[in-house]
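Worksheet: one structure, shown below.
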Amino acid sequence: MRKKECEKCKKDFRIMFRVQYTADKNWVFLCTDCVSEVKRDNEDYRYGGTWKY
Ligand SMILES: [Zn+2]
């Protein structure tokens, strides 16, 4: 089973969200929990799709 590591909490997940959440506009993969954390009041937040592994 393929998995991908969340950029923020460093755990492995099978469903990841491709997002930007910092001013440098890098695309990173985050898990559901981390996405709801970083998107709060964040002008740099962009959603780039859901990826299943
Ligand atoms: Zn995470």
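Since every read-out is calculated from the coordinates, none of them should be taken as a lab result. None of these values were measured; they are calculated from a predicted model. With ideal geometry, Cβ positions are generated from the backbone for all residues, glycine too; neighbour counts draw on all protein chains shown.
Could you list, in sequence order, the residues of region 38-50 that are under 10 Å from the mean Cα position of the chain (by Cα) and farther than 10 Å from Q20 by Cα?
G49, T50
Inside region 5-53, can you point out the residues that are within 15 Å of the ligand (Cβ to nearest atom), crowded, with 17+ Cβ neighbours inside 10 Å and not in a loop (DSSP other than H, G, I, E, B)?
The answer is F13, M16, F17, V19, V28, F29, L30, C34, V35, V38.
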